[in-house]
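A short worksheet on the structure shown next.
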Amino acid sequence: MSPPLASVELARPAAVHAGTAGLMAAAALAAAEAALHADRVDCDAAFPHEAFAVLRQHGLLGAMVPAAHGGAGASLDTIAAICRVLAAGCASAGMIYAMHQIQVACLIEHGGGSPWHEQLLGRIAGEQLLLASATSEEAIGGALRNSGCAVNVDNGRFHLLKMAPTISYGAHADAILATARRHADASPSDQVMVCLLKPDFTLESLSTWDTLGMRGTCSNGFRLEARGACEQILPVAFGEIADGTMTPVSHILWASLWTGIAGDAVQRAKAFFQGQARARPGSLPPSATRVADAVAMVQMMEGRLELALAHQRQRHAGLSVSALFSLAAEMNGLKTSVSALAIEAVQQAMMICGMAGYKHGTPYSLGRHLRDLWSAPLMINNDRILTNTASLLLAERSS
């Protein structure tokens, strides 16, 4: 049984007091620590404990939590910038941070008015709790808007059993936000989201995480069983959470992460190119046009991300149904375009660096960047997203 949630009064970290500048300075420290261990995290498929020790020390797990609940009240723009900085040091650390903040955003936007969830926000800021997500399910896969398992309620308490093919960093999380059907007779799309604290659930490993890239996310498959109080169920339907917060915030933070990985790769390629040019004064190396192209790709990703952040800030401004469809299509396009362009930029960087980029253990090594980025088109498969986008555009046109 979960212990009662209580307000936690702790000294706020210096990064919180210093505002955005302090948060970014702390993020740079965490990224530097992450970079020191990134190769080992990748090789051993190990959770990036060292990076998260720094993140916790500076209060960055609670950065988005409103000040009223003890957090820094950071904007989505700031969180996206932190994700990008972390990704340049270690993509797995950046991805875990992004996934955590996606769950925090869901609590902030959809837990208001629920004392249990508001107190949980205070604990995230005060205790630096790490949140994970359990949305995928055996026989359903990554279909976010469908669930096979159900919340079974009896006398104000629930029981949940979910067979999840992946729960990223589930074994290291302090809480998991899980989706399920509202009750045993509900349709697959009639879903709720339940907040499960560590004492509430047990995890039995079903599969290991031996992958091409993003190995440090430790996204094993688990049999998740949980019991708790019904007040832990978020008070709005999951469809509203997914459409209003989870999907757009995921696409924005993932796009920022992928831009950070690609940006670091292109920066390595620029350094290699500049070294070649210094060695042969008066002539450009043969990779000159590729450098210009790779830099332009990163700039395009940055521009697309900035536009999406600007439009997300305006999402509550009484948008029409057609405008909402248009915004959803734009967020989908952000994900599919940046996930593909980031890979292309790193491939260009590899061509610039040549064997120095292909080999491990050089200042220009790019193998991990490329392997990590190959997960990008697969995280909610781009083909599925493009089909959904086509449906949104059709609905927008006919509205």
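Observations, loosely collected:
- Largest-first ellipsoid semi-axes for region 164-303, taking √(5λ) over the Cα gyration tensor eigenvalues, angstrom: 46, 19, 11
- Lysines whose Cα lies under 17 Å from that of LYS198, excluding same-chain neighbours fewer than 8 positions away: LYS162
- Neighbourhood charge, 13 Å Cβ-Cβ cut-off, centred on TYR364 and excluding it, Lys, Arg +1 and Asp, Glu -1: +3
- Over the chain: helical MRE at 222 nm, DSSP H runs n ≥ 4 each giving -39500 (n - 2.57), nearest 500: -17500 deg cm²/dmol
- Using Cβ point charges alone (K and R +1, D and E -1), the dipole size of region 134-232 about the Cα centre works out to roughly 100 debye.
- Candidates CYS195, CYS90, CYS230: whichever shows maximal mean-square fluctuation once the chain is modelled as a Gaussian network with Cα springs under 10 Å: CYS230
- Rounded to 10°, Cα long-axis angle of helix 247-279 versus longest principal axis of the chain: 20
- Electrostatic tally near GLY213: other residues with Cβ closer than 10 Å to its Cβ, Lys and Arg +1, Asp and Glu -1, net +1.
- Diffusion of region 100-246 by Stokes-Einstein, at 25 °C in a medium of 0.890 mPa s and with Rh set to the Kirkwood radius over alpha-carbon pairs, works out to 161 µm²/s.
- Net charge of Cβ neighbours under 15 Å - reference GLY111; Lys, Arg +1; Asp, Glu -1: -3
- Contour excess over end-to-end distance, with Cα ends at GLN274 and ASP190 and 0.36 nm allotted per residue: 24.6 nm
- Nearest-20 debye value, region 14-129 charge dipole, Cβ charges on Lys, Arg, Asp, Glu: 160
- Crossing angle, helix 321-353 versus the chain [Cα axis fit, 0-90 degrees, rounded to tens]: 40
- Other-chain or far-sequence residues with amide H under 5 Å of LEU206's (modelled H): GLY221, PHE222, ARG223
- Dimensionless Rg/Rh of the chain - Kirkwood Rh, Rg from C-alpha atoms: 0.98
- Put simply, the convex hull of the Cα atoms in region 14-129 casts, on average, a shadow of 6.4 nm².
- Between GLU109, GLU306, GLU33, the Gaussian network model of the chain with springs among Cα atoms under 10 angstrom shows the greatest mean-square fluctuation at GLU109.
- Mean-position separation - Cα centroids, region 242-320 and region 102-166, in angstrom: 32
- Basic side chains Lys and Arg get +1 at the Cβ, acidic Asp and Glu get -1 at the Cβ, and with that the dipole of the chain about its Cα centre reaches some 920 debye.
- Its residues counted as N, region 238-398 yields a C-alpha radius of gyration over 2.2 N^0.38 Å of 1.23.
None of the figures in this text is laboratory data; all of them are computed from the coordinates on show. Nothing here was measured: the structure is a model prediction, and the numbers come from that model. Every residue, glycine among them, receives a Cβ derived from its backbone with ideal geometry; neighbour counts consider all protein chains shown.
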